[in-house]
Amino acid sequence: VLVAKRKAEGDKPATIKHEIGLLRATINEMTKLGFKVNREIVFPVLKTSYRLRYLDSSEESALLLELEPERLRNGLKPLETRTPEMTRNVQDNYDITVFLLDTGCRYSEVANIPWSAISLETCTINLYRSKVRNEDVLYMTSRLEAILRRRWEERMSGQRYVFEDRTGNERGYSTKSIKKAIERAGLNDPAAVKERGGRVKLHT
């Protein structure tokens, strides 16, 4: 019934497969916690035309290490000689990547998100997703909450967007540094691509 309903709504097999996986994981977790669950649920198997690429914990750690704002590396000036603009950009790249990892948002959703969509009181994010024409309420992880609280406290007066460009508008599509970090972390080395089933992109 679920599959038929989602197909009627226009969802692609990969999207439906993700939803079924979430339901299965939720029920498994409920079982571990001691809740009584129906053990006769039949989970349909959907075929997709590609293998889902995701980051495991070691890959995530490697990527965040490459983006660590205070890390010294080739091509990046020492902390004391960085301009305020450079310091902001380096921090933004790290914060945006954590936001992407911890919410599953698309890059454009994160890069252009206004403060009006963020509730630090309830630790939620109200996100309108134009691609699927609906609004989601996302719950922050503790590390994302810490990042957003820091950014809220450090924001300029009247700042509308969580991530801004140098003119004070939403950040927009500025992904070069994050993509370079993905390569430096070795996430797209030939052996990793073969083993894990594809290249890592921002959507990953």
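Relative to the Cα centre, the charge distribution of the chain, modelled as +1 at Lys and Arg Cβ and -1 at Asp and Glu Cβ, gives a dipole magnitude of about 820 debye. Annotation note: chymotrypsin sites (Phe, Trp or Tyr not before Pro) in the range 54-119 located in DSSP loop regions with a Cβ neighbour count of at most 14 within 10 Å are 54. The shape of the range 91-132 comes out oblate: with a ≥ b ≥ c from the C-alpha gyration tensor, a/c is at least 1.5 while a/b does not beat b/c. Comparing 119, 44, 26 along the charge dipole axis of the chain, the residue lying farthest to the positive side is 44, per the Cβ-charge model.
Exposure check, 1.4 Å probe, all protein chains in place: residue 179 carries approximately 90 Å² of accessible surface. Using alpha carbons only, how many degrees (0 to 90, rounded to 10) separate the axis of helix 57-67 from the longest principal axis of the chain? The angle comes out at about 20 degrees. Per residue, the range 1-121 exposes 66 Å² of solvent-accessible protein surface, assessed with a 1.4 angstrom probe and all protein chains in place.
What do you get for the angle between helix 13-32 and the principal long axis of the chain? Use alpha-carbon atoms, 0 to 90 degrees, nearest ten. Tilt of helix 13-32: around 80 degrees. Of the whole protein surface, residue 57 contributes about 90 Å² of accessible area at a 1.4 Å probe radius. Compared with the dominant Cα axis of the chain, that is its longest principal axis, helix 142-154 is turned about 30°. Each Cα pair under 8 Å and six or more residues apart adds its separation to the average, and for the chain the resulting relative contact order is 20 percent.
When the GluC sites (Glu not before Pro) in the range 79-155 are filtered for DSSP coil states and for at most 14 other beta-carbon atoms within 10 Å of their beta-carbon, the remaining sites are 121. Lys-Lys pairs in the chain that are eight or more residues apart or on separate chains and whose Cα atoms lie under 22 Å of each other come to 22.
At most 11 other Cβ atoms within 10 Å and a DSSP loop assignment: could you name the trypsin sites (Lys or Arg not before Pro) in the range 58-128 that fit?
73
In what order, largest first, do 76, 23, 33 sit by accessible area if the probe radius is 1.4 Å? Provide the component values of the computation, followed by the final result.
Numbers: 76 35, 23 80, 33 115 Å².
Ranked list, largest accessible area first: 33, 23, 76.
Computed over protein heavy atoms with a 1.4 angstrom probe, the accessible surface ordering of 143, 166, 151, 199, largest first, is 166, 199, 143, 151.
Out of the total accessible area of the chain (probe 1.4 Å, heavy atoms of protein only), what percent is carbon and sulfur? Here carbon and sulfur together make up 53 percent of the probe-accessible area.
Average accessible surface for the range 123-204: 68 Å² per residue, computed with a 1.4 Å probe over protein heavy atoms with every protein chain in place.
Answer rounded, prolate or oblate for the range 1-90, using the Cα gyration tensor with square roots of eigenvalues a ≥ b ≥ c: rounded when a/c is under 1.5, else prolate when a/b is larger than b/c, else oblate. Prolate.
Computed with every protein chain present, the accessible area of residue 86 is close to 50 Å² [probe 1.4 Å].
Can you sort 31, 124 by 1.4 Å-probe accessible area, starting with the largest?
I get 31, 124, largest accessible area first.
The values are calculated or read from the model by the stated rules, or taken from the named source; none is laboratory data. Here the structure is a predicted model, which means the values were calculated and not measured. Backbone-built Cβ (ideal geometry, glycine too); neighbour counts: all protein chains shown. Side chains included, ligands, DNA and RNA excluded: accessible areas come from the protein's heavy atoms. Shrake-Rupley method; radii C 1.70, N 1.55, O 1.52, S 1.80 Å.
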